[in-house]
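A.B. asks: Provided herewith is a single structure, encoded as structure tokens, for subsequent inquiry.
The values are calculated or read from the model by the stated rules, or taken from the named source; none is laboratory data. Since we're looking at a predicted model, the values are computed, not measured. Using ideal geometry, Cβ is built from the backbone for each residue, glycine included, and neighbour counts are taken over all protein chains shown.
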Amino acid sequence: MVTIAFLFILVSSTLLSILLDMHLYDLSFFQTLHFSLTLDAGTRKTIVFTALITGLLASFILDYRMSKEESEKKEAR
Amino acid sequence: MQKELVEKISLTQLFILVSAFLFGSAIVVGIGGEAEQDSWIAIIVACLLSIIPVWFYIFLVSRIPEKNLFEIMEIAFGKMISKVLILLYILYFFYISARVLRDFGELIVGDMLVNTPIEVISITFMLFVAYILYLGLEVLGRFSEIYAPYLMGSILAVGILLLFSRELHVKNVLPILPEGIGPVMNTVFPKLITFPFGELVAFMMILPYASKVRYAGKTTILALMVSGLILAYSSFVQIATLGPEAKLRSKFPLLTATGEISLWNFIERVDLIIIFVVMFGILVKISIFFYGGLKGLELVFNRPYRAFIYPMAMIIAFMSIIISKNFAEHISEGISMVPWIIHIPFQYGIPLLLFPFVLWKSKGLRSEGKKR
């Protein structure tokens, strides 16, 4: 569930940002997508992309732990 | 077994949270600049007019006790429709958190840590917010109690120090209302009424957790008025020091004004202390919006909100960077589009839509309670 929430929020908030940029600059969707997410050299965007990946990994781990806890509870019953 | 963490805040803490929330990024980027020398009047007018929507938010929360905005929506609209609306609100709360974080990041890299990447500032700050929220709302409240006197004291001290530095020129504020009330009202609607005052909609997620719910509404309105007056004072000081044009051109007018403080060739560079203090307002604002979004996720995905903290904090840090290429674009988006497209629907549209349903459902709940 955490992973699903992570992916949903990531995709929808990126879409929101892109839609606002499209409106502001009068550009197409793909132009704005490219403009927003391309890792240009020297912009240090890789730092936040790395943080984002750690967030995704954390959500995998959290989901695994929660499903493990739930199955242990079921077994205990 | 994990110890249950407390989710209650006192009225004093609520007062401080509302005040710090309103100062938040408003004090950093400066508000009401479009009204030129009358921006302080615009802030007072917006503050007074904001009592109506804030009272409305309090009314909605008080009709169905001990329920936050999302739980009220679930009662009013049913599970399916409310889930869609809650997801939209989560996006709104996270998006605004990212915008506030960007304001702070730009302030820090522009004036304090000039060689540090803004990305590092965003990630570090979100880790800090995540840790506070992981410990619970009460920790945020207690943290605020410690920090609040420094925030309010510093904002008030700036004016006094500028006065002693002979940098405060009242002629910059004159003439008052040279073009009538028109420019003031144009600044109030929709800019000031949505940012920062309308953003108090996020407190519909916090009010049910106040220890004395009966007085929470009065406390919120009192905090709104006090903060409005302090914001107006701060704006007055900025105009009197810089003049209306320089204030409008300045990226961070409060800092530019504070930079003018010079007493006995000894007390100088006070702006660095101000940044440190302003950080608290930003922290509260991001935390409240982030907390609102997390509570929404808790309701939609049926998992404790603490499970979402780290992953969502990283999304906000990421969003704060990709929302705009530079500060000019960030501000331009914030002025021209965010109030109309983002703020008004979530601050006024959906709560107004909720109103008849809340009246209807709360009547039903009350009559059920009487039958029992």
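A.B. asks: In the range B:309-329, how many residues are under 16 Å from A:THR14 (Cα atoms) and more than 7 Å from chain A (Cβ to nearest Cβ)?
C.D. replies: Going through the range B:309-329 one residue at a time, the tally reaches 5.
A.B. asks: So, in the range A:17-41, of the ones that are facing chain B (nearest Cβ under 7 Å) and within 18 Å of the chain's Cα centre (by Cα), which residue ends up farthest from B:TYR310 (Cα to Cα)?
C.D. replies: The selected residue is A:SER36.
A.B. asks: Within the bounds of the range A:45-64, is there any residue that is outside any helix (DSSP H, G or I) and more than 9 Å from every other protein chain (Cβ to nearest Cβ)?
C.D. replies: Within the range A:45-64, not a single residue is outside any helix (DSSP H, G or I) and more than 9 Å from every other protein chain (Cβ to nearest Cβ).
A.B. asks: Here's another thing I want to ask about it. For the range B:94-187, give me every one of the helices (runs of 4 or more DSSP H) that falls completely inside it and has 3 or more residues that are under 21 Å from the mean Cα position of the chain (by Cα), at pLDDT 95 or above and of a type in the set (D, E, K, R).
C.D. replies: In the range B:94-187, there are no helices (runs of 4 or more DSSP H) which contain 3 or more residues that are under 21 Å from the mean Cα position of the chain (by Cα), at pLDDT 95 or above and of a type in the set (D, E, K, R).
Residue-by-condition table, conditions (1) surrounded by 14 or more Cβ atoms within 10 Å (Cβ to Cβ); (2) under 18 Å from B:ALA98 (Cβ atoms); (3) more than 20 Å from the chain's Cα centre (by Cα); (4) free of Cβ contacts under 8 Å to residues at least 60 places away in the same chain:
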position: A:LEU15; (1), (2), (3), (4): no, yes, no, yes
position: A:VAL48; (1), (2), (3), (4): yes, yes, no, yes
position: A:GLY55; (1), (2), (3), (4): yes, yes, no, yes
position: A:ALA58; (1), (2), (3), (4): yes, no, no, yes
position: A:LEU62; (1), (2), (3), (4): yes, no, no, no
position: A:GLU70; (1), (2), (3), (4): no, no, yes, yes
position: A:LYS74; (1), (2), (3), (4): no, no, yes, yes
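A.B. asks: Please specify each residue of the range B:99-140 satisfying the condition of being aromatic (Phe, Trp, Tyr) and without any contact (Cβ under 8 Å) to a residue 60 or more places away in the chain.
C.D. replies: B:TYR131
A.B. asks: Still on this structure: Can you pull out every residue in the range A:26-44 that is loosely packed, with under 13 Cβ neighbours inside 10 Å and either outside any loop (DSSP other than H, G, I, E, B) or touching a residue at least 24 places away in the same chain (Cβ under 8 Å) (or both)?
C.D. replies: If the condition is that a residue be loosely packed, with under 13 Cβ neighbours inside 10 Å and either outside any loop (DSSP other than H, G, I, E, B) or touching a residue at least 24 places away in the same chain (Cβ under 8 Å) (or both), then A:PHE29, A:PHE30, A:HIS34 are the ones that fit.
A.B. asks: Considering only residues of the range B:295-308 that are surrounded by fewer than 24 Cβ atoms within 10 Å (Cβ to Cβ) and aliphatic (A, V, I, L, M), which is nearest to the other protein chains (Cβ to nearest Cβ)?
C.D. replies: B:ALA307
A.B. asks: Within the range B:70-113, how many residues turn out to be within 14 Å of chain A (Cβ to nearest Cβ) and either of a type in the set (Val, Ile, Thr) or in contact with a Pro (Cβ under 7 Å, 6 or more places away or on another chain) (or both)?
C.D. replies: Number satisfying all stated conditions: 5.
A.B. asks: Next up: If you scan the range B:248-267, which residues turn out to be among the hydroxyl-bearing types (Ser, Thr, Tyr) and part of a loop (DSSP other than H, G, I, E, B)?
C.D. replies: Of everything in the range B:248-267, those that are among the hydroxyl-bearing types (Ser, Thr, Tyr) and part of a loop (DSSP other than H, G, I, E, B) turn out to be B:SER250, B:SER262.
A.B. asks: So, one more: For residues that are outside any helix (DSSP H, G or I) and of a type outside the set (Lys, Arg), scanning just the range B:44-86, find the one that is surrounded by the fewest Cβ atoms within 10 Å (Cβ to Cβ).
C.D. replies: Taking the candidates together, the pick is B:GLU66.
A.B. asks: Also: Being in contact with a His (Cβ under 6 Å, 6 or more places away or on another chain), touching a residue at least 40 places away in the same chain (Cβ under 8 Å) and surrounded by 16 or more Cβ atoms within 10 Å (Cβ to Cβ), is that true of even one residue in the range B:321-334?
C.D. replies: Yes, that holds for at least one residue.
A.B. asks: Being modelled with pLDDT of 90 or more, under 15 Å from the mean Cα position of the chain (by Cα) and over 30 Å from B:THR256 (Cα atoms) is true for just one of B:VAL18, B:VAL54. Which residue is that?
C.D. replies: B:VAL54
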